[in-house]
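I have placed the structure first, in the form of C-alpha coordinates, so that the comments after it can refer back to it.
The values are calculated or read from the model by the stated rules, or taken from the named source; none is laboratory data. Just so you know, these numbers come straight off a predicted model, no measurement behind them. Cβ placement follows ideal geometry from the backbone for every residue including glycine, while neighbour counts extend to all protein chains displayed. Ligands, DNA and RNA are excluded from the accessible area calculation, which covers all protein heavy atoms including side chains. Shrake-Rupley method; radii C 1.70, N 1.55, O 1.52, S 1.80 Å.
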Amino acid sequence: MVTRLQLMNTPPPAASLPLTPNTLTLPKERTYFSLVLIFSILVWLLLAVSIIGLIYAAVFAAVFWLANGLMVARLRSEAVKVDERQMPELHALLREVCGRLGVAPVPALYVVQAGGTLNAFAARHAGRGFVVVFSDFLEALGPGSPELKFVLGHEIGHIKSKHILKQILLAPGLFLPLLGPAYRRSWESSCDRYGAYAAGDTDSAVRAMLTLGGGRERGRQLNAEVFASQHREERGFFVSLHELISTYPTLSKRVTDLLALKSAMPARRPARNPLAYFLAMFVPGGNTAAPANALIFIVIIGLLAAMAIPAFQKVHQSSIAMVCRNNLRQLSAASDQYVLETGHQPNEITELVGPDKYIKTMLVCPRGGTYELSPAEGQDAPRIVCTVHGSMEDLQQQFEKSRQK
Ligand SMILES: [Zn+2]
Ligand SMILES: [Zn+2]
(Lines give C-alpha, C1' and ligand atoms only; values in the text may rest on other atoms or scores of the structure.)
(Ligands and ions follow the chains in the order given, each with its own letter.)
Protein backbone atom coordinates (compact mmCIF):
# COMPACT_ATOMS: atom_id res chain seq x y z
CA MET A 1 0.00 0.00 0.00
CA VAL A 2 2.92 2.31 0.73
CA THR A 3 4.14 2.00 -2.82
CA ARG A 4 0.70 2.77 -4.15
CA LEU A 5 0.55 6.00 -2.15
CA GLN A 6 3.97 6.93 -3.42
CA LEU A 7 2.79 6.23 -6.95
CA MET A 8 -0.08 8.63 -6.60
CA ASN A 9 2.38 11.33 -5.63
CA THR A 10 4.43 10.84 -8.77
CA PRO A 11 5.17 14.28 -10.21
CA PRO A 12 3.43 15.11 -13.50
CA PRO A 13 5.46 14.57 -16.70
CA ALA A 14 8.03 17.16 -17.67
CA ALA A 15 6.18 20.02 -19.29
CA SER A 16 8.82 20.18 -22.01
CA LEU A 17 7.70 16.84 -23.45
CA PRO A 18 5.19 17.51 -26.26
CA LEU A 19 3.19 14.38 -25.45
CA THR A 20 -0.22 13.70 -23.95
CA PRO A 21 -1.81 10.28 -23.44
CA ASN A 22 -3.92 10.92 -26.54
CA THR A 23 -1.02 11.73 -28.84
CA LEU A 24 1.22 8.78 -28.03
CA THR A 25 -0.04 6.64 -30.91
CA LEU A 26 1.21 8.18 -34.13
CA PRO A 27 -1.43 9.20 -36.73
CA LYS A 28 0.37 7.13 -39.36
CA GLU A 29 -0.13 4.02 -37.22
CA ARG A 30 -3.90 4.59 -37.40
CA THR A 31 -3.74 5.10 -41.18
CA TYR A 32 -1.73 1.92 -41.72
CA PHE A 33 -4.10 0.09 -39.37
CA SER A 34 -7.11 0.94 -41.54
CA LEU A 35 -5.38 -0.25 -44.72
CA VAL A 36 -4.08 -3.46 -43.16
CA LEU A 37 -7.48 -4.11 -41.57
CA ILE A 38 -9.34 -3.82 -44.89
CA PHE A 39 -6.95 -6.20 -46.62
CA SER A 40 -7.02 -8.66 -43.73
CA ILE A 41 -10.83 -8.73 -43.61
CA LEU A 42 -10.92 -9.51 -47.34
CA VAL A 43 -8.47 -12.39 -46.91
CA TRP A 44 -10.30 -13.79 -43.87
CA LEU A 45 -13.59 -13.65 -45.79
CA LEU A 46 -11.95 -15.46 -48.69
CA LEU A 47 -10.70 -18.12 -46.28
CA ALA A 48 -14.13 -18.43 -44.72
CA VAL A 49 -15.88 -19.10 -48.02
CA SER A 50 -13.39 -21.78 -49.04
CA ILE A 51 -13.63 -24.72 -46.65
CA ILE A 52 -9.94 -25.54 -47.16
CA GLY A 53 -9.12 -22.02 -45.93
CA LEU A 54 -10.94 -22.63 -42.67
CA ILE A 55 -9.03 -25.87 -42.19
CA TYR A 56 -5.71 -24.08 -42.73
CA ALA A 57 -6.73 -21.30 -40.37
CA ALA A 58 -7.66 -23.86 -37.70
CA VAL A 59 -4.36 -25.73 -38.15
CA PHE A 60 -2.44 -22.47 -37.95
CA ALA A 61 -4.32 -21.36 -34.84
CA ALA A 62 -3.62 -24.70 -33.14
CA VAL A 63 0.11 -24.62 -33.99
CA PHE A 64 0.40 -21.01 -32.88
CA TRP A 65 -1.48 -21.65 -29.65
CA LEU A 66 0.75 -24.64 -28.81
CA ALA A 67 4.02 -22.86 -29.62
CA ASN A 68 2.98 -19.76 -27.71
CA GLY A 69 1.75 -21.80 -24.75
CA LEU A 70 5.11 -23.58 -24.56
CA MET A 71 6.99 -20.29 -24.72
CA VAL A 72 4.88 -18.91 -21.87
CA ALA A 73 5.31 -22.11 -19.86
CA ARG A 74 9.09 -21.74 -20.19
CA LEU A 75 8.88 -18.21 -18.85
CA ARG A 76 6.61 -19.20 -15.97
CA SER A 77 8.93 -21.95 -14.84
CA GLU A 78 12.42 -20.73 -15.79
CA ALA A 79 12.29 -16.94 -15.86
CA VAL A 80 12.09 -14.83 -12.70
CA LYS A 81 8.64 -13.46 -12.06
CA VAL A 82 8.83 -9.97 -10.66
CA ASP A 83 6.47 -9.01 -7.81
CA GLU A 84 6.44 -7.28 -4.40
CA ARG A 85 8.77 -9.95 -2.97
CA GLN A 86 10.95 -10.55 -5.99
CA MET A 87 12.89 -7.51 -7.30
CA PRO A 88 10.49 -5.11 -5.53
CA GLU A 89 12.25 -2.07 -6.95
CA LEU A 90 11.58 -3.24 -10.50
CA HIS A 91 8.02 -4.13 -9.60
CA ALA A 92 7.41 -0.65 -8.22
CA LEU A 93 8.78 0.79 -11.46
CA LEU A 94 6.40 -1.37 -13.51
CA ARG A 95 3.42 -0.26 -11.44
CA GLU A 96 4.44 3.34 -11.81
CA VAL A 97 4.72 3.00 -15.58
CA CYS A 98 1.35 1.22 -15.83
CA GLY A 99 -0.27 3.90 -13.68
CA ARG A 100 1.15 6.60 -15.89
CA LEU A 101 -0.01 4.91 -19.12
CA GLY A 102 -3.38 3.95 -17.65
CA VAL A 103 -2.91 0.18 -17.96
CA ALA A 104 -4.75 -1.97 -15.41
CA PRO A 105 -4.38 -4.65 -14.23
CA VAL A 106 -0.60 -4.51 -14.14
CA PRO A 107 0.69 -7.17 -16.58
CA ALA A 108 3.10 -9.84 -15.36
CA LEU A 109 6.80 -9.03 -15.71
CA TYR A 110 9.52 -11.64 -16.13
CA VAL A 111 13.29 -11.30 -16.11
CA VAL A 112 15.09 -13.89 -18.20
CA GLN A 113 18.79 -14.57 -18.68
CA ALA A 114 19.42 -14.56 -22.42
CA GLY A 115 23.16 -14.96 -22.85
CA GLY A 116 24.08 -11.28 -22.91
CA THR A 117 21.44 -10.07 -25.35
CA LEU A 118 20.12 -6.60 -24.57
CA ASN A 119 16.41 -6.66 -25.25
CA ALA A 120 12.87 -6.72 -23.92
CA PHE A 121 9.56 -7.77 -25.45
CA ALA A 122 5.85 -7.96 -24.83
CA ALA A 123 3.88 -11.16 -25.37
CA ARG A 124 0.41 -12.46 -24.81
CA HIS A 125 -1.20 -15.73 -23.84
CA ALA A 126 -4.73 -16.70 -22.83
CA GLY A 127 -5.95 -13.15 -23.25
CA ARG A 128 -3.35 -11.52 -20.97
CA GLY A 129 -0.34 -9.48 -21.93
CA PHE A 130 3.00 -9.69 -20.15
CA VAL A 131 6.45 -8.16 -20.41
CA VAL A 132 9.84 -9.87 -20.55
CA VAL A 133 13.12 -8.06 -19.87
CA PHE A 134 16.47 -9.75 -20.56
CA SER A 135 18.64 -9.74 -17.44
CA ASP A 136 21.65 -8.11 -19.11
CA PHE A 137 19.49 -5.23 -20.30
CA LEU A 138 18.14 -4.83 -16.78
CA GLU A 139 21.67 -4.75 -15.37
CA ALA A 140 22.93 -2.39 -18.05
CA LEU A 141 20.17 0.13 -17.35
CA GLY A 142 19.64 -0.39 -13.60
CA PRO A 143 16.43 -1.76 -12.02
CA GLY A 144 15.15 1.62 -10.82
CA SER A 145 16.48 3.80 -13.63
CA PRO A 146 14.45 6.16 -15.85
CA GLU A 147 16.04 4.32 -18.80
CA LEU A 148 14.27 1.17 -17.67
CA LYS A 149 11.06 3.17 -17.27
CA PHE A 150 11.38 3.98 -20.95
CA VAL A 151 11.85 0.31 -21.83
CA LEU A 152 8.89 -0.82 -19.71
CA GLY A 153 6.81 2.06 -21.09
CA HIS A 154 7.61 0.94 -24.63
CA GLU A 155 6.52 -2.64 -23.91
CA ILE A 156 3.42 -1.55 -21.98
CA GLY A 157 2.65 0.59 -25.03
CA HIS A 158 2.56 -2.61 -27.11
CA ILE A 159 0.16 -4.18 -24.61
CA LYS A 160 -2.05 -1.10 -24.40
CA SER A 161 -2.17 -0.87 -28.23
CA LYS A 162 -2.98 -4.62 -28.44
CA HIS A 163 -0.18 -5.09 -30.95
CA ILE A 164 0.30 -8.77 -30.15
CA LEU A 165 -3.37 -9.53 -30.79
CA LYS A 166 -3.22 -7.46 -33.98
CA GLN A 167 -0.20 -9.47 -35.08
CA ILE A 168 -2.48 -12.53 -35.24
CA LEU A 169 -5.75 -11.02 -36.44
CA LEU A 170 -4.10 -8.80 -39.05
CA ALA A 171 -1.59 -11.44 -40.18
CA PRO A 172 -2.74 -11.33 -43.83
CA GLY A 173 -2.25 -7.55 -44.05
CA LEU A 174 1.03 -7.66 -42.14
CA PHE A 175 2.25 -10.04 -44.80
CA LEU A 176 1.91 -7.40 -47.53
CA PRO A 177 5.21 -6.03 -48.85
CA LEU A 178 5.95 -2.37 -47.93
CA LEU A 179 2.67 -1.83 -46.02
CA GLY A 180 3.13 -4.70 -43.53
CA PRO A 181 6.63 -3.69 -42.38
CA ALA A 182 5.68 0.02 -42.44
CA TYR A 183 2.75 -0.70 -40.10
CA ARG A 184 5.00 -2.68 -37.74
CA ARG A 185 7.61 0.09 -37.75
CA SER A 186 4.88 2.55 -36.81
CA TRP A 187 4.09 0.34 -33.79
CA GLU A 188 7.66 0.71 -32.59
CA SER A 189 7.74 4.45 -33.25
CA SER A 190 4.49 4.89 -31.32
CA CYS A 191 5.74 2.72 -28.47
CA ASP A 192 8.94 4.75 -28.22
CA ARG A 193 6.61 7.69 -27.49
CA TYR A 194 4.80 5.63 -24.83
CA GLY A 195 8.23 4.89 -23.35
CA ALA A 196 9.35 8.52 -23.42
CA TYR A 197 6.05 9.56 -21.84
CA ALA A 198 6.44 6.91 -19.13
CA ALA A 199 10.03 7.99 -18.42
CA GLY A 200 8.95 11.63 -18.36
CA ASP A 201 11.90 12.77 -20.43
CA THR A 202 13.63 11.94 -23.68
CA ASP A 203 17.21 11.90 -22.36
CA SER A 204 16.73 8.60 -20.58
CA ALA A 205 14.92 7.23 -23.64
CA VAL A 206 17.89 8.20 -25.80
CA ARG A 207 20.32 6.66 -23.31
CA ALA A 208 18.38 3.38 -23.37
CA MET A 209 18.54 3.41 -27.17
CA LEU A 210 22.26 4.13 -27.17
CA THR A 211 22.79 1.22 -24.78
CA LEU A 212 20.98 -1.00 -27.30
CA GLY A 213 23.27 0.34 -30.02
CA GLY A 214 26.64 0.68 -28.32
CA GLY A 215 26.45 -1.84 -25.51
CA ARG A 216 26.30 -1.63 -21.73
CA GLU A 217 29.76 -0.12 -21.17
CA ARG A 218 30.10 2.54 -23.84
CA GLY A 219 26.47 2.90 -24.91
CA ARG A 220 25.27 5.61 -22.56
CA GLN A 221 28.35 7.76 -23.16
CA LEU A 222 27.82 7.86 -26.91
CA ASN A 223 27.19 11.16 -28.67
CA ALA A 224 23.46 10.95 -29.49
CA GLU A 225 23.53 13.73 -32.10
CA VAL A 226 26.35 12.08 -34.01
CA PHE A 227 24.62 8.69 -33.89
CA ALA A 228 21.37 10.28 -35.11
CA SER A 229 23.24 11.91 -38.00
CA GLN A 230 23.90 8.41 -39.37
CA HIS A 231 20.21 8.31 -40.24
CA ARG A 232 20.46 11.53 -42.27
CA GLU A 233 23.70 10.68 -43.98
CA GLU A 234 23.36 7.01 -44.84
CA ARG A 235 20.71 7.18 -47.55
CA GLY A 236 22.05 4.75 -50.15
CA PHE A 237 20.14 2.03 -51.95
CA PHE A 238 20.92 -0.75 -49.49
CA VAL A 239 20.18 1.29 -46.37
CA SER A 240 16.87 2.31 -47.97
CA LEU A 241 16.04 -1.30 -48.78
CA HIS A 242 17.01 -2.39 -45.27
CA GLU A 243 14.70 0.27 -43.81
CA LEU A 244 11.79 -0.68 -46.08
CA ILE A 245 11.84 -4.39 -45.34
CA SER A 246 12.61 -4.02 -41.60
CA THR A 247 9.83 -4.47 -39.09
CA TYR A 248 11.73 -2.12 -36.74
CA PRO A 249 12.78 1.44 -37.41
CA THR A 250 16.59 1.62 -37.46
CA LEU A 251 18.23 2.55 -34.15
CA SER A 252 19.61 5.75 -35.67
CA LYS A 253 16.10 6.71 -36.79
CA ARG A 254 14.63 5.97 -33.36
CA VAL A 255 17.26 8.17 -31.74
CA THR A 256 16.55 10.85 -34.37
CA ASP A 257 12.83 10.74 -33.52
CA LEU A 258 13.48 10.89 -29.76
CA LEU A 259 15.80 13.88 -30.19
CA ALA A 260 13.15 15.59 -32.33
CA LEU A 261 10.65 14.97 -29.54
CA LYS A 262 13.03 16.66 -27.12
CA SER A 263 13.44 19.75 -29.30
CA ALA A 264 9.69 19.64 -30.12
CA MET A 265 10.64 20.03 -33.79
CA PRO A 266 9.31 17.45 -36.24
CA ALA A 267 12.15 15.29 -37.54
CA ARG A 268 13.01 15.86 -41.19
CA ARG A 269 12.25 12.73 -43.22
CA PRO A 270 15.28 12.01 -45.36
CA ALA A 271 14.36 10.53 -48.76
CA ARG A 272 14.93 6.91 -49.69
CA ASN A 273 16.32 5.46 -52.87
CA PRO A 274 13.35 4.90 -55.28
CA LEU A 275 14.78 1.63 -56.58
CA ALA A 276 14.68 0.29 -53.02
CA TYR A 277 10.87 0.74 -53.01
CA PHE A 278 10.68 -1.32 -56.17
CA LEU A 279 12.74 -4.17 -54.75
CA ALA A 280 10.96 -4.06 -51.40
CA MET A 281 7.70 -4.84 -53.23
CA PHE A 282 9.00 -8.39 -53.59
CA VAL A 283 9.73 -8.98 -49.91
CA PRO A 284 6.44 -9.99 -48.30
CA GLY A 285 6.02 -9.10 -44.65
CA GLY A 286 9.52 -7.78 -44.19
CA ASN A 287 12.63 -9.55 -42.97
CA THR A 288 11.42 -10.55 -39.53
CA ALA A 289 12.89 -13.85 -38.45
CA ALA A 290 10.15 -14.55 -35.93
CA PRO A 291 9.01 -18.18 -36.12
CA ALA A 292 5.38 -17.06 -36.13
CA ASN A 293 6.01 -15.22 -39.37
CA ALA A 294 7.71 -18.19 -40.96
CA LEU A 295 4.63 -20.21 -40.02
CA ILE A 296 2.29 -17.63 -41.50
CA PHE A 297 4.40 -17.72 -44.65
CA ILE A 298 4.17 -21.51 -44.93
CA VAL A 299 0.43 -21.49 -44.27
CA ILE A 300 -0.21 -18.81 -46.89
CA ILE A 301 1.89 -20.60 -49.53
CA GLY A 302 0.07 -23.86 -48.76
CA LEU A 303 -3.24 -22.09 -48.95
CA LEU A 304 -2.48 -20.48 -52.29
CA ALA A 305 -1.33 -23.84 -53.63
CA ALA A 306 -4.47 -25.56 -52.33
CA MET A 307 -6.64 -22.96 -54.02
CA ALA A 308 -4.58 -22.77 -57.23
CA ILE A 309 -4.08 -26.47 -57.93
CA PRO A 310 -7.78 -27.48 -58.35
CA ALA A 311 -8.40 -24.34 -60.40
CA PHE A 312 -5.41 -25.14 -62.57
CA GLN A 313 -6.50 -28.76 -62.95
CA LYS A 314 -9.95 -27.66 -64.03
CA VAL A 315 -8.56 -25.35 -66.69
CA HIS A 316 -6.13 -28.05 -67.82
CA GLN A 317 -8.91 -30.67 -68.05
CA SER A 318 -11.22 -28.47 -70.05
CA SER A 319 -8.46 -27.42 -72.45
CA ILE A 320 -7.75 -31.11 -73.16
CA ALA A 321 -11.43 -31.75 -73.81
CA MET A 322 -11.53 -28.71 -76.05
CA VAL A 323 -8.76 -30.15 -78.28
CA CYS A 324 -10.61 -33.45 -78.54
CA ARG A 325 -13.88 -31.69 -79.39
CA ASN A 326 -12.13 -29.78 -82.22
CA ASN A 327 -10.76 -33.07 -83.57
CA LEU A 328 -14.25 -34.60 -83.55
CA ARG A 329 -15.63 -31.53 -85.31
CA GLN A 330 -12.99 -31.77 -88.06
CA LEU A 331 -13.61 -35.49 -88.51
CA SER A 332 -17.36 -35.09 -88.77
CA ALA A 333 -16.94 -32.27 -91.28
CA ALA A 334 -14.71 -34.63 -93.30
CA SER A 335 -17.39 -37.31 -93.02
CA ASP A 336 -20.08 -34.91 -94.32
CA GLN A 337 -17.81 -34.02 -97.22
CA TYR A 338 -17.26 -37.74 -97.95
CA VAL A 339 -21.01 -38.35 -98.09
CA LEU A 340 -21.46 -35.35 -100.41
CA GLU A 341 -18.77 -36.54 -102.82
CA THR A 342 -19.39 -40.32 -102.83
CA GLY A 343 -23.09 -40.54 -102.06
CA HIS A 344 -22.60 -43.18 -99.36
CA GLN A 345 -21.41 -43.42 -95.77
CA PRO A 346 -17.78 -44.12 -94.87
CA ASN A 347 -17.23 -47.57 -93.38
CA GLU A 348 -13.84 -46.91 -91.78
CA ILE A 349 -12.34 -43.77 -90.31
CA THR A 350 -9.28 -44.41 -92.51
CA GLU A 351 -11.41 -43.52 -95.54
CA LEU A 352 -11.40 -39.93 -94.28
CA VAL A 353 -7.72 -39.68 -93.32
CA GLY A 354 -4.69 -39.96 -95.56
CA PRO A 355 -2.28 -37.88 -97.68
CA ASP A 356 -4.82 -37.45 -100.51
CA LYS A 357 -7.97 -37.44 -98.36
CA TYR A 358 -9.90 -34.87 -96.35
CA ILE A 359 -7.58 -34.89 -93.35
CA LYS A 360 -3.90 -35.37 -94.07
CA THR A 361 -2.75 -37.12 -90.90
CA MET A 362 -4.71 -38.84 -88.16
CA LEU A 363 -5.77 -36.48 -85.42
CA VAL A 364 -4.57 -37.23 -81.91
CA CYS A 365 -6.63 -36.99 -78.75
CA PRO A 366 -4.49 -35.44 -75.95
CA ARG A 367 -5.84 -38.10 -73.58
CA GLY A 368 -4.62 -40.89 -75.88
CA GLY A 369 -8.06 -41.86 -77.23
CA THR A 370 -8.48 -42.98 -80.81
CA TYR A 371 -11.27 -41.92 -83.15
CA GLU A 372 -13.75 -44.42 -84.51
CA LEU A 373 -16.93 -44.54 -86.50
CA SER A 374 -19.81 -45.76 -84.45
CA PRO A 375 -23.01 -46.78 -86.21
CA ALA A 376 -25.76 -44.48 -85.01
CA GLU A 377 -29.30 -45.78 -84.79
CA GLY A 378 -31.94 -43.80 -86.58
CA GLN A 379 -29.42 -41.47 -88.18
CA ASP A 380 -28.18 -41.41 -91.71
CA ALA A 381 -24.54 -40.58 -90.81
CA PRO A 382 -22.38 -42.64 -88.43
CA ARG A 383 -21.24 -40.81 -85.32
CA ILE A 384 -17.54 -40.21 -84.79
CA VAL A 385 -16.44 -40.97 -81.26
CA CYS A 386 -13.27 -40.74 -79.17
CA THR A 387 -12.54 -43.94 -77.25
CA VAL A 388 -11.82 -41.82 -74.14
CA HIS A 389 -14.14 -38.82 -74.46
CA GLY A 390 -17.06 -40.31 -76.38
CA SER A 391 -19.08 -38.34 -78.89
CA MET A 392 -19.27 -34.59 -79.41
CA GLU A 393 -22.59 -34.57 -77.50
CA ASP A 394 -20.92 -36.30 -74.54
CA LEU A 395 -18.20 -33.64 -74.48
CA GLN A 396 -20.80 -30.90 -74.71
CA GLN A 397 -22.59 -32.29 -71.66
CA GLN A 398 -19.30 -32.46 -69.80
CA PHE A 399 -18.61 -28.77 -70.51
CA GLU A 400 -22.03 -27.75 -69.29
CA LYS A 401 -21.61 -29.75 -66.11
CA SER A 402 -18.24 -28.19 -65.28
CA ARG A 403 -19.66 -24.73 -65.95
CA GLN A 404 -22.45 -25.35 -63.42
CA LYS A 405 -19.95 -26.32 -60.70
ZN1 LIG B 1 8.73 -2.78 -29.48
ZN1 LIG C 1 -10.55 -37.66 -76.74
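Per-residue Karplus couplings for segment 366-375, computed as 6.51 cos²θ - 1.76 cosθ + 1.60 with θ equal to phi - 60°, are listed in order as x, 8, x, x, 10, 9, 9, 8, 10, x Hz, Gly and Pro entered as x. For the chain, the longest principal axis of the Cα atoms and the long axis of helix 27-49 meet at an angle of about 40 degrees.
So for each of 362-371, 312-321, 130-139 I average, over its residues, the number of other beta carbons within 10 Å; can you give me the resulting order with the highest mean first?
Working: 362-371: 15.2, 312-321: 12.7, 130-139: 20.4.
Top to bottom by mean Cβ count within 10 Å: 130-139, 362-371, 312-321.
Placing +1 on the Cβ of every Lys and Arg and -1 on the Cβ of every Asp and Glu, with no other charges, gives segment 308-404 a dipole of roughly 620 debye about its Cα centre.
Apply the a/c threshold of 1.5 to the C-alpha gyration tensor of segment 308-404 and tell me whether it is rounded, prolate or oblate. Cα axes put segment 308-404 in the prolate bin. Computed over segment 308-404, relative contact order equals 25 percent, with contacts defined as Cα pairs under 8 Å that lie 6+ residues apart.
The GNM of the chain, with springs linking C-alpha atoms under 10 angstrom apart, assigns the highest mean-square fluctuation among Gly53, Gly153, Gly236 to Gly236. For segment 232-281, GluC sites (Glu not before Pro) meeting the loop criterion (DSSP other than H, G, I, E, B) and having at most 15 other Cβ atoms within 10 Å: Glu234. Scoring 68-77, 30-39, 177-186 by mean Cβ neighbours within 10 Å over their residues and listing the highest first yields 177-186, 30-39, 68-77. For Val388, nonlocal amide neighbours, meaning residues 5 or more places apart or on other chains whose placed amide H falls under 5 Å from its own, are Gly369, Thr370. Mean sequence separation of contacting Cα pairs (under 8 Å, at least six apart), scaled by the length of the chain, corresponds to a relative contact order of 14 percent.
Per-residue extension of 0.36 nm, minus the Cα-Cα distance of Asp83 and Leu66, leaves a gain of 3.4 nm for this segment.
Seen from all directions on average, the chain presents a Cα convex hull projection of 29.4 nm².
Whenever you get a sec, compute what percent of the accessible area on segment 2-288 sits on carbon and sulfur atoms (1.4 Å probe).
63
At a probe radius of 1.4 angstrom, the accessible area of segment 2-288 per residue rounds to 50 square angstrom. Name the shape class, rounded, prolate or oblate, that the alpha-carbon gyration tensor gives for segment 127-284, where a ≥ b ≥ c are the square roots of its eigenvalues, rounded holds for a/c under 1.5, and otherwise prolate holds if a/b is larger than b/c and oblate otherwise. Oblate.
Picking from Phe399, Gly343, Val364, whose Cα lies most toward the positive end of the charge dipole for segment 308-404 (charges on Cβ: Lys, Arg +1; Asp, Glu -1)? After comparing all options, I get Phe399.
Put Ile159, Ile55 in order of accessible area, highest first, and with a 1.4 Å probe you get Ile55, Ile159.
Across segment 99-233, the mean sequence separation of Cα contacts (distance under 8 Å, 6 or more residues apart), normalised by length, yields a relative contact order of 23 percent. Quick check: the angle from helix 224-233's long axis to the longest principal axis of the chain, C-alpha only, nearest 10 degrees? Computed tilt is about 30 degrees.
Excluding ligands, DNA and RNA, the accessible surface per residue across segment 308-404 is 65 Å² with a 1.4 Å probe.
Tell me the angle of helix 51-78 to the major Cα principal axis of the chain, expressed in degrees between 0 and 90 and rounded to the nearest ten. Taking Cα atoms only, the helix is inclined about 30 degrees. Placing R0 at 35 angstrom, the Cβ-Cβ distance between Ile320 and Ser34 gives a FRET efficiency of 0.15 after rounding to 0.05.
Basic side chains Lys and Arg get +1 at the Cβ, acidic Asp and Glu get -1 at the Cβ, and with that the dipole of the chain about its Cα centre reaches some 1540 debye. Ranking Leu244, Ser50, Val103 by Cα position along the charge dipole of segment 2-288, where only Lys, Arg, Asp and Glu carry charges on their C-beta atoms, puts Ser50 farthest toward the positive end. Seen from Pro274, the other residues with C-beta closer than 15 Å to its C-beta sum to a net charge of +2, counting Lys and Arg as +1 and Asp and Glu as -1. Among the listed pairs Lys81/Lys253; Lys166/Lys262; Lys314/Lys360; Lys81/Lys149; Lys149/Lys262, those with a Cα-Cα distance over 23 Å are Lys81/Lys253; Lys166/Lys262; Lys314/Lys360.
Largest accessible area first, the residues His242, His389 order themselves as His242, His389 under a 1.4 Å probe with ligands, DNA and RNA left out. Here's how it looks for Ala108: its modeled amide H is under 5 Å from those of Val131, which are all 5 or more places away or on a different chain. Taking a Cβ cut-off of under 12 Å around Ala196, the surrounding Lys, Arg, Asp and Glu residues balance to a net charge of +1, with basic ones at +1 and acidic ones at -1.
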